[in-house]
Amino acid sequence: MSRIRSALIVVFLFLAFSLFSQEQNNNLLDSEIRKIALENKDKADFYKAQAFFLEKNWDSTLVYSMKYLAHAGHQELADYCHYFRAFSFKNKKLLQQARKEFLQISKNFRFYYKVRLYLGEIALEESNSELAIHYFKEIENLPETGNYDFKRGVVYHNLGVCYLHQKKYDQADAYFSKGAEVMQAEKDTISLIGSYMNIANLYYEQYKDNIAIPYFEKAYSLSKKIKNVELKQNAALNMAVVAENNKKFPLALTYRKEYESWRDSLNDQNKVWAIAELEKKFTVKQKEKEIGILEAENKLKIAERNGFFYSSLLLLVLFGTGIYFYRQKIKSNRIILSQKNKLDELNAAKDQLFSIVSHDLRSSVNALKTSNSKLAESLECKNFEALDKQLQSNSAIAHSSYNLLDNLLHWALLQTKQLYFHKESVHLFSVVQQMEFNYKPLMQEKNISFENSVPKALFAYADLSSLKIILRNLIDNAIKFSRENGKITIHGSSSEDFCTLTVEDSGQGMSKEIVSQLLDESALVSKKENPEKSGTGLGMQLCLSMAQKNEGKLLIESEENKGTKISIQLLKANKNE
């Protein structure tokens, strides 16, 4: 007996413990959707989305709700569109997408309780009974006097299913019974039949046949009063299995025959629907074929009618085309000539750059060679004071040459588009502090004081490596052109979208002509006014290009003998960056 029972109980488990959905209980929601749609007829995508949603056309609902969300500015309508999408995905059995859309709905949504209800159903369908209980408990605790659009009996039933999955039979029994009472009061016969089946299976699984069988009989009796063929079939099958387990084989045979007749009826119904669908498709294809023939005939008539008109226009079009191409050729020649002149200018600038760089490198190497000879002589004569000066001179020459080569390398990488840029949130105070540490020995040689006045809360959205290259060049220039006992200050400020970093020195300054040359992308400054501190201007050109790469600007304010202020304007970092 136990072996037969174990084999047959699988039938009940297949039919029992089912989730009841609230998807038919949307009268209040549908009414509210129609009302809001009338108020927002001007929003075409939302209006179409709600119309397709009410028609249960899920694919079109997904398309137009997504279109509205792409440019949504109204939170309430956006909540409704997320609801349309979630409900559509749920009906298409795409539970993960449905859950994502439900979770994007704000708590201010009028029907937020339905969101939690459907999240509970999704959790239960995914066998996450603990999470489902959490959601269903929220719905259970809603006040009974409120104007809500759901069936409480179904909520109690689904809580019973959750506890049944957890093998907590007492709690499952309590919620199943509570749900059945509410369904009886609401006269929800179809849900009540399913509830009775689940209660019966709950007891049957615990081998409490004397309690289970009356519920199977109640479900069977109620199924006689409804038109749902699938429920009639399941109720008859349950009774057949119960009779077989009790060895009432003649009675079991009767129920089996009834089950088979309902199954055949359901299959026949499905076949009728399938045939009707095929006939519908065939009729549509025939109509489409007729329409296609008519369209082809109409196109032929239109072609014949318009043939003379198009042929008369042909000569006019050819004449106009000839004039157009002639003018385009003249325009193209002008553009090519302009581009050639610009290219010649750029090539000349490049040739000048290499000429200046090679000259400066050769000068630096010759100076280093001469300085090394003097260094050797001072070392031989043990003239330590001269030796110290020569070492400092060598260090300055090496530093200047290194900076020139480093700038030339980065300039070449930038020109050939091989320099990698990665923008991120950069803490400006820390970057300036690092630069101060690197250049402290050079500043101490000239007794230059340094002040970092950058606000600690200032963040820029920029490429860190290129920002360091810009600051290194600006600080190096500030040290180079500052006098003994001078001062260098770096301070920062911010606006709504930008932040500004300013390097200010008390050095010799520059003329307006030099400033304009430095800000000209195609110009190079071969010699500044102090011949001892000559340079190519390549460093400033590199700073200008890298600032532009970071979507920023480079600004220069300078006056001769009154110092220089160079500002870098960069994008301000958002909090989430």
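The values are calculated or read from the model by the stated rules, or taken from the named source; none is laboratory data. Nothing here was measured: the structure is a model prediction, and the numbers come from that model. Note that we place each Cβ from the backbone using ideal geometry, even for glycine, and neighbour counts take in every protein chain shown.
Residues in the range 555-575 that are touching a residue at least 60 places away in the same chain (Cβ under 8 Å) and part of a strand (DSSP E or B): Thr564, Lys565, Ile566, Ser567, Ile568, Gln569, Leu570, Leu571, Lys572. Can you tell me which residue among Lys218, Lys178 is assigned to a helix (DSSP H, G or I), out of contact with any Lys or Arg (no Cβ under 8 Å at 6 or more places or on another chain), modelled with pLDDT of 75 or more and over 24 Å from Glu258 (Cβ atoms)? Among Lys218, Lys178, only Lys178 is assigned to a helix (DSSP H, G or I), out of contact with any Lys or Arg (no Cβ under 8 Å at 6 or more places or on another chain), modelled with pLDDT of 75 or more and over 24 Å from Glu258 (Cβ atoms). Applying the condition of being modelled with pLDDT under 90 and in contact with a strand residue (DSSP E or B) (Cβ under 8 Å, 6 or more places away or on another chain) to the range 559-577 and asking which residue is farthest from Gly509 (Cα to Cα) yields Glu577. When Ala72 is tested against (1) exposed (fewer than 15 other Cβ atoms within 10 Å of the Cβ); (2) not in a helix (DSSP H, G or I); (3) not charged (D, E, K, R), exactly one condition is not met: (1). Just the residues that are surrounded by fewer than 16 Cβ atoms within 10 Å (Cβ to Cβ) and farther than 20 Å from Glu76 by Cβ, please, taken from the range 102-127. Selection gives Glu125, Glu126, Ser127.
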